[in-house]
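Okay, structure first, notes after.
The values are calculated or read from the model by the stated rules, or taken from the named source; none is laboratory data. Everything quoted here is computed from the prediction, not taken from an experiment. Here the Cβ is made from the backbone with ideal geometry for all residues, glycine too, and neighbour counts use every protein chain on show. Side chains included, ligands, DNA and RNA excluded: accessible areas come from the protein's heavy atoms. Shrake-Rupley method; radii C 1.70, N 1.55, O 1.52, S 1.80 Å.
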Amino acid sequence: MEDEDGYFGERVAATYDGTSGVFGPGTVEATAGVLAELAGGGRALELAIGTGRIALPLARRGVEVHGIELSRAMVARLRAKPGGEDIPVAIGDMATTTMDGTFSLAYLVFNTIMNLTSQDAQVACFRNAARHLEPGGCFVIECRVPELRRLPPGQDVLPWHVSEENWVAYSYDPATQAMHGHYVEFTGGQGEYRTMPFRYVWPSELDLMAQLAGMRLRDRWEGWSRQPFTSESSQHVSVWEKPGPLGIRHNGLVDADVVVIGAGALGLSTALHCALAGRSVVVVERHNAGSQASGRAAGLFKSVQADELRTRLARRSITRALSFTDWAGVPLPVARSGSFLIARTPQHREYLGQELAQSRRWGADVREAPRTELSYYQPAGDEYTLWCPEDVYIEEPASLIQACLAACRRNGAVVAENEPVIGIPVTAGRAAGVETERRSIAAPVVVDAAGGWVRQVAGLAGARVPVAPVRHQLLITEPASDVDPADAIARVVDAAVYLRPARGGLMVGGFEPGPLPVDPEQQPASFSTDDVPLDLGVLRKLAGQVAAEAPAADSALVAEHRGGLFTMSPDGRFVVGAVPDLPGLWVASGCNGSGFSSSLAIGEALAAWITSDTPPPGMTALSPDRFGPLSDEVLVSRGLWQYAHYYDPAGVPS
C-alpha cells in the first residue's frame, strides 16, 4: 500500500481517467443517464467518488451529488476539474464514513466493491449505503461477474491485458474469494511490478448483503443499457431498494393500505395520490415502470373532449402537469404549445363547430382560428380551424413516468419492478392483496391498472373488466431543419391524424379505420408490448391523407416507429372505480387513447374515492358496472368502433 491514500495515491490518480479506455464518453454518459433517472430529482451519494468521472456528468444533469473517498490524491484531481469544487466530499473509508442528510440514490461503480477485501467490510458498505438512503431510495453497484470458469484446470491466474506498455493478470483463491491484480509496467526497457488485493463477490452474495442491510433487489442488468442479465453475462449493474414505511416481516409478508398493479401513468398517478393522502402504498409491475403503453405514448394533452366530465378531467390533468413540481416536488418538463383542430370537410367542420360550442360551455379555452400556419403544416385548401391554447405535450413520455416514480418514492410508496402478480387472494368475499412471484402483499385495497393486461389481472380474482385492447401506432421522422420545435400540435380530424414536433423531426400518429385487436390472453405468457405487431404501411396511408399540407409526414425518413395497446371501452369513456361484486378491487383503465394525458387527474380522483370512500363529482359515471354483462365479441366490436371513430362525428354504435 502506497500511503494514507491506499492503493490510489498520486501515481494512480494522475492516469486514472485514461485507464484502458473504459471511461470513454459513451460509457460515462450512459452511466450518468441511468443514475440520474434513479435519483429521480433527489440527492445522490457516490461511494469512492474518485476523480469525479461519473459524479461530474451526473451533476451536470441537475443531480445534487455528494461523495465519500479514501484517496486525497483522487479528490485533488476532482477538485481541479470544472465543477469539482462544488461537490461535497468526505475523506474516509466507504464502509464506515458518513455524510449528513439522506439521499435518494447511493452508487458504487466499476468493480469498486471488490476493493473491500473482506466479506465483513463489504457487508458494512451495504449497511453504510442503506444508512444514507431515504425510504424508497436505491443502492446501485456495477461489478464484474467472477470469471472462475475461465480458469484452466489446476490454474489460478487469468491474463487480462498484454501490450508493449503493460501486462495485467488476476489470480484467484476459490477458498477465500481473495483475488489479486498483478501489474507490470514497462519504461525504457525496464519492467516494474506491483500488486493490489481484491475480494471477488458473486451477484447472489451481494443480494444477501443487501438483505442484511435491509434492502432488496429491484433490478439487475448486464450493463448501463439495461440489457438482460443472463448466465453468460460478464458483468452486472444491480439496483437494491430500501423499503418505504412498510413493515417487511421475516416471512416476506408486506402489509400496505393500497396495492397498485401496473406502473404505467395511470397506476403511478393513483399510487402517488394515495401516498399524498397518507396511505402506505406498494406498486407492483411485471416489467420496468412505463415500459409498456405509457412509455410509447404520443405525450399529447387535449382539452377538447366529448363530454363535460372528460373535459374537466383533461383540463385538470393539464393543470396538474404544469404544476407538477409544486405539488409533487419533482421537476416535469412540459411543452406549452397549444394545438390546432383542423377540419377539411363540411361534415367535420360542423363537428368542430359543435365541439367549440360545448367546450366553451364546459369552461375550456377554445377559439376559431383564421388559418393554420405551422412550419410543418401549410393549408392546401379551405379549412375550418380551432385554436386550443390550453393544450400541452410532454416531449418524452418517459419523463412523466420517471417524475411520478420519483415522487412516489419521495412520498414513501414502494415501487417493485420486474415482479409479476400471479394471484389476487379473496378472503370473506373481498380482495385481500396480491401474490407475486416473490411474496405475498396483504392490503384491503387492490387497484388494477395493468393496461392491456387489465382483464387478465382482474381475472385472477374472478372479476371482469369491460375493455378491449387495440393496437395504436405512431412514428417520429428523422430531424428536419424546416420543423420548428416551438410549433403547436396539429390534429386533422377528418384524416384522424395528429402531428407535433419531436426530437427535431415530426411525430405522426393516427387512428386507423381498420384497427387491430390484440388480446394478450391469446398470446404466449411472455408476450409484452415489444411483441405487438406493427405495420408502417398503416401510418403511411394515414400520413398520405395530409401529404399536401404536411409533406414531411409522408416523405421524411423514419427514425422511430413504435406502438402499444389502447384499452377501449364500449362507450369510449374511462373505466374507473370499484369492480362490481368484489369489494376491495378497483380498476383504472379504459384509456380510449387518453389514458396518458388524463392520468394525473384520473389518479387524483380515484385516490380521493378510495381514501374517502366518496366518489368525486361525476366519477360514478365511469364505474365498470355501468355496462352489465357483455360478451367478448361485443366488447371487441364496440371497442374497435370507438377506436376507428375517435375523431368521427358519426355518432355512437347501435
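Summary of values
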{"read-out": "Segment 337-362 - residue that is assigned to a loop (DSSP other than H, G, I, E, B) and open to solvent by 40 Å² or more (accessible area, probe 1.4 Å) and, of those, farthest from residue 300 (Cα to Cα)", "value": "345"}
{"read-out": "Unique residue being within 24 Å of residue 597 (Cβ to Cβ), of a type in the set (A, V, I, L, M, F, W, C), in contact (Cβ under 8 Å) with a residue 60 or more places away in the chain and open to solvent by 40 Å² or more (accessible area, probe 1.4 Å) when the list is 380, 398", "value": "398"}
{"read-out": "Cβ pairs under 6 Å, 6+ apart, first in segment 167-179 and farther than 30 Å from residue 189 by Cα, second surrounded by 15 or more Cβ atoms within 10 Å (Cβ to Cβ) and aromatic (Phe, Trp, Tyr)", "value": "177/200"}
{"read-out": "Near pairs, Cβ below 6 angstrom, 6+ apart or cross-chain, from segment 210-235 (free of Cβ contacts under 8 Å to residues at least 24 places away in the same chain) to any residue that is open to solvent by less than 20 Å² (accessible area, probe 1.4 Å) and part of a loop (DSSP other than H, G, I, E, B)", "value": "222/233"}
{"read-out": "Residue within segment 632-646 that is among the acidic types (Asp, Glu) and either closer than 27 Å to residue 283 by Cβ or in a loop (DSSP other than H, G, I, E, B) (or both) present", "value": "no"}
{"read-out": "Top-ranked residue of segment 566-578 - restricted to ones that are surrounded by 24 or more Cβ atoms within 10 Å (Cβ to Cβ) and in contact with a strand residue (DSSP E or B) (Cβ under 6 Å, 6 or more places away or on another chain), ranked as farthest from residue 477 (Cα to Cα)", "value": "576"}
{"read-out": "Of all residues making up segment 110-141, the number that are within 20 Å of residue 198 (Cα to Cα), open to solvent by 10 Å² or more (accessible area, probe 1.4 Å) and either in contact with an Asp or Glu (Cβ under 6 Å, 6 or more places away or on another chain) or not in a helix (DSSP H, G or I) (or both)", "value": "5"}
{"read-out": "Subset tally (residues that are over 20 Å from residue 298 (Cα atoms) and in contact with an Asp or Glu (Cβ under 7 Å, 6 or more places away or on another chain)) for segment 548-585", "value": "2"}
{"read-out": "Condition check for residue 525: open to solvent by 10 Å² or more (accessible area, probe 1.4 Å) and modelled with pLDDT under 95", "value": "yes"}
{"read-out": "Residue check for residue 588: open to solvent by less than 10 Å² (accessible area, probe 1.4 Å) and assigned to a strand (DSSP E or B)", "value": "yes"}
{"read-out": "Residue in segment 210-242 that is nearest to residue 124 (Cα to Cα), counting only those that are open to solvent by less than 20 Å² (accessible area, probe 1.4 Å) and of a type in the set (Phe, Trp, Tyr)", "value": "240"}
{"read-out": "Any hit, segment 463-471, residues being part of a loop (DSSP other than H, G, I, E, B) and open to solvent by 50 Å² or more (accessible area, probe 1.4 Å)", "value": "yes"}
{"read-out": "Any hit, segment 145-164, residues being surrounded by 15 or more Cβ atoms within 10 Å (Cβ to Cβ) and under 30 Å from the mean Cα position of the chain (by Cα)", "value": "yes"}
